[in-house]
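The next block holds one structure in the form of structure tokens; read it before the comments.
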Amino acid sequence: MSLSTDKDYDLSLKIEQGFGPDGLGILSVTDVPGYSSLRRNLLHLAPKLANLPKEVKDDLEDPNSRYPSYCGSNVWPRSTLPELELAFKALGKLIFDVGLMVAYHCDQYGDNSMSSWCGWHTDNGSLTGLTCAIFTRDGEEIPCPDSAAGLYIRTRNDQIVKVVYGVDNIAYQIGETAEILSGGILRATPHCVQAPKGKESSGVERSTFALFMQPDWDEKLSFPEEVHIHKELIPSNASLTYGEYSEMVLGKYYDKK
């Protein structure tokens with residue numbers, strides 16, 4: 001859907017096609033001013049970051065923050081790659097702002113819906129904004145060497161589909177929290193990323209950017225019977241803050257390793 005569309009225009013059909021029970025679980029937003037240059041600027045810094053000396057990258061690690069959680073302070077390579085922080089924040093802010101527009105229309109769709117739909121990995125936040133990837137070899141941008149590589153999602157009909165969207169589009173996926181808050185009307189998107197394969201993929205680096213949007217840490221979540229997420233951890237009709245829910249889910253995946 002286009003960002004140029006008036007905010008009050010009814011986009012419920014687009015939301016249902018993208019995020020409803022028979023949708024793919026993803027939609028892309030076009031016509032985002034400034035997005036193309038911000039995307040290229042940040043993603044071309046990714047190989048530079050990856051190729052910094054090991055001792056420099058070691059200084060960027062923070063194991064005490066418990067890597068998967070969200071409340072630690074950011075660590076930036078300000079002396080070795082100072083432009084990364086500004087580029088990262090600029091693209092993140094733009095994807096966040098567009099994501100708020102998507103979330104607004106999800107709210108309108110949920111409020112107007114008369115349905116009660118029941119119910120790899122799903123994101124545990126609300127929305128995930130995604131750039132189209134850039135592929136490089138020796139610092140030079142190249143086309144993806146493997147047409148089968150990329151983002152795949154599992155549809156509501158249990159089919160596996162490769163997602164294709166334009167380089168100047170921002171794709172958004174629904175996360176578990178949006179499914180919880182909508183009472184199952186919106187559905188979280190199971191997905192995975194397949195790396196390029198074959199001899200032509202040797203030495204290829206893939207750079208992309210994902211922005212995870214989520215409720216406030218203290219936002220209360222209720223878990224209705226219609227939502228079948230992490231039932232082994234959370235009973236029906238339970239109530240948790242988003243922070244409690246997030247730590248519980250992360251513990252499920254990381255503490256048992």
Does G183 satisfy the criteria of being over 25 Å from F88 (Cβ atoms) and not aromatic (F, W, Y)?
yes
Lone qualifier among D62, D10, D6 - being over 22 Å from the mean Cα position of the chain (by Cα), more than 22 Å from T128 (Cβ to Cβ), surrounded by 11 or more Cβ atoms within 10 Å (Cβ to Cβ) and modelled with pLDDT under 75
D10
For the stretch 29-61, which positions are polar (S, T, N, Q) and within 11 Å of D168 (Cβ to Cβ)?
T30, S36, S37
So which residues in the stretch 131-145 are buried (at least 16 other Cβ atoms within 10 Å of the Cβ), in a loop (DSSP other than H, G, I, E, B) and in contact with a Pro (Cβ under 8 Å, 6 or more places away or on another chain)?
C144, P145
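Filter the stretch 152-205 for residues that are among the acidic types (D, E) and in a strand (DSSP E or B) and give the result.
Correct list: E205 only.
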Checked Y152, Y172, Y165 against criteria (surrounded by 15 or more Cβ atoms within 10 Å (Cβ to Cβ), under 20 Å from H44 (Cβ atoms) and in contact with a strand residue (DSSP E or B) (Cβ under 7 Å, 6 or more places away or on another chain)); the one match is Y165
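The values are calculated or read from the model by the stated rules, or taken from the named source; none is laboratory data. Fair warning: this is a prediction, and the values are worked out from it, not measured in the lab. Cβ: placed from backbone, ideal geometry, glycine included. Neighbour counts: every protein chain shown.
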